[in-house]
Amino acid sequence: MSSEQKSDSKEWILDPETEYRFELDQGTTLAVKLTRGHAEIFGAELAEGKTYLFGSECKAAVFTWQGCTIQVTGQPSVEYVSDETPMDPYINLHLAFEQMRVKALRKQRNSPTPDDADGGVPADSPRVLVLGPENAGKTTACKILTNYAVRTGQGWCPMLVNIDPSEGGWTVPGTISACAVSMPIPTSSPANPLGSSATSAPTALSSSALLPIVYWFGHAEVRRNPMLMDRLIRNLGENVVARHDVDTQSRISGIIVDTPSSFAVSSAGPSDKKYGLIKACIDAFQINVIVVVGHEKLNVEMQRLFGSTMSVVKIPKSGGVVELDLGYRERVQRYQIHNYFYGQHFDMPSDVTSATLGGEALTDLHLSPLSTTLNFSDITIYRIGGESIAPSSALPIGATRVVSEMQPIAVDPSQRGSGLLNAVLALLSPPNPDENERYDEEVLDLDVVGFIIVTALDIPNRKMTVLSPSPGSITGRIALMGSLEYQEQ
Ligand SMILES: Nc1ncnc2c1ncn2[C@@H]1O[C@H](COP(=O)(O)OP(=O)(O)OP(=O)(O)O)[C@@H](O)[C@H]1O
């Protein structure tokens, strides 16, 4: 490997199985052009001659299997080439999943399986739960496995599931979501870690193919309401399984579930309560493979608990994974909310005249949100559980809570201190039209159709101003608030 300086542009010649890693500071952008060979970013191939732009403090790596030359323009705060990557175990894992898909497809079509090809591979689609501690590279591993699956040319469209509410997934933080992926997910900014789904963007974008199903948890940390998280995981699982019941190709493609690091921390207490949310994921998504990223003890625990019923595999953590501090995580949550409403705006480095963002034209990703004024009576707003609730497990033995963690509580916008100003609200899909089918906690089970932000409250006139991504009536909708806020700076 070598580098050659030319103005603000550098050429990097990468040997086979090495990667160029970079980290960007706030307000800087980087342009990368593949000038020779083949290269990929977290499993998504780069096209030769095309310039890719990165921003919003992106941290990523351009990896090459065969060797390549890239031209890099801009000033990353960190850049280096590493020949120590975990891509071999990652591709082996992908190949094992591919064998499972092929075998499941054969079974589906009643095709005979050659004896020698059996090798003990289950004839079942891979339904994978990825676990690990903070900054282990879980999301990156999920992205690589998903991208390799869709690149095989078999027409796979695995379901990528994001259970980490601190990460926006395809929308905003505070959510959990699932999306069938049929094209490689690009990496350009942490504002859309799993690719941008079109909010109000032109439908011609390839990202418009991403139509996630989303549930609102309302907080960035799971510990704020584990009971609610458990219920949402099961709701999401039901949706995914229901889709798989009618879509064979999607079912055989499998499921890849990204989890927050808190799942890997075993809470003290009776053993049947330990790893409760991991068990919820296993049930909800019918998991048959657990992948532990870089955590020996967790791997042993998972082997002990689940090794008899499913495969538990450990994969190494990449040396390139960046330790993300709290300040960075908070900024990324802001980028994600901003990105949902306004899209991406990056300035190109001075030497670059044209570039794409994850393969899309830059101008296509500018969105124009809409400011609307509503009467307080136009919208019904709830929050789930009390204002600041300790989990039930933290209450004295025998004590019961007055407000349940799962109880929808109506929020009165006319009351001072309602917390609505600057709150991010999730608009829910309509409740059951049949009054007899309604139940108290129905709002917990409704998925999200969009998000708005309360930008102004006029209590004397009982009106509020909200920012929404696109025109469309909000009147009559049910919305949920949580603890996420956004304010223009
Ligand atoms: N090989 C690499 N080179 C450079 N940066 C990388 C590499 N792998 C991962 N990263 C970056 O490191 C950061 C953390 O990775 P990732 O989000 O995958 O970890 P995680 O375990 O999911 O994090 P969390 O603690 O939020 O659960 C991300 O910004 C990612 O883009």
### Message
Looking only at the stretch 52-100, how many residues end up being surrounded by fewer than 19 Cβ atoms within 10 Å (Cβ to Cβ) and at positive phi?
### Response
1
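Residue-by-condition table, conditions (1) within 16 Å of I290 (Cα to Cα); (2) more than 13 Å from the ligand (Cβ to nearest atom); (3) among the charged types (D, E, K, R):
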position	(1), (2), (3)
A96	yes, yes, no
A123	no, yes, no
P126	yes, yes, no
A136	yes, no, no
C142	yes, no, no
### Task
Determine if the stretch 13-28 includes at least one residue that is of a type in the set (A, V, I, L, M, F, W, C), at positive phi and within 16 Å of the ligand (Cβ to nearest atom).
no
## Note on the structure
Only one of (1) within 16 Å of the ligand (Cβ to nearest atom); (2) modelled with pLDDT of 95 or more does not apply to A149, and that is (1)
### Query
Of all residues in the stretch 191-222, how many are at pLDDT below 90 and either within 16 Å of the ligand (Cβ to nearest atom) or in the same structural domain as S468 (by TED's automatic domain parsing) (or both)?
6
#### Entry: Hits in the stretch 38-78 - residues which are over 23 Å from V181 (Cα atoms) and within 10 Å of the ligand (Cβ to nearest atom)
E57, V78
### Task
Those residues that are within 15 Å of the chain's Cα centre (by Cα) and surrounded by fewer than 16 Cβ atoms within 10 Å (Cβ to Cβ), I need them from the stretch 210-223; list them, please.
L211, E221
## Note on the structure
Selection from the stretch 4-50 of residues among the β-branched types (V, I, T) and within 23 Å of T146 (Cα to Cα) yields T18, V32, I41
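Just to be sure, is G169 over 23 Å from I233 (Cβ atoms) and of a type outside the set (K, R)?
no
The values are calculated or read from the model by the stated rules, or taken from the named source; none is laboratory data. Computed from a prediction, not measured in an experiment: that's the story for all the values here. Every residue, glycine as well, gets a Cβ built from its backbone with ideal geometry; the counts of neighbours run over all protein chains shown.
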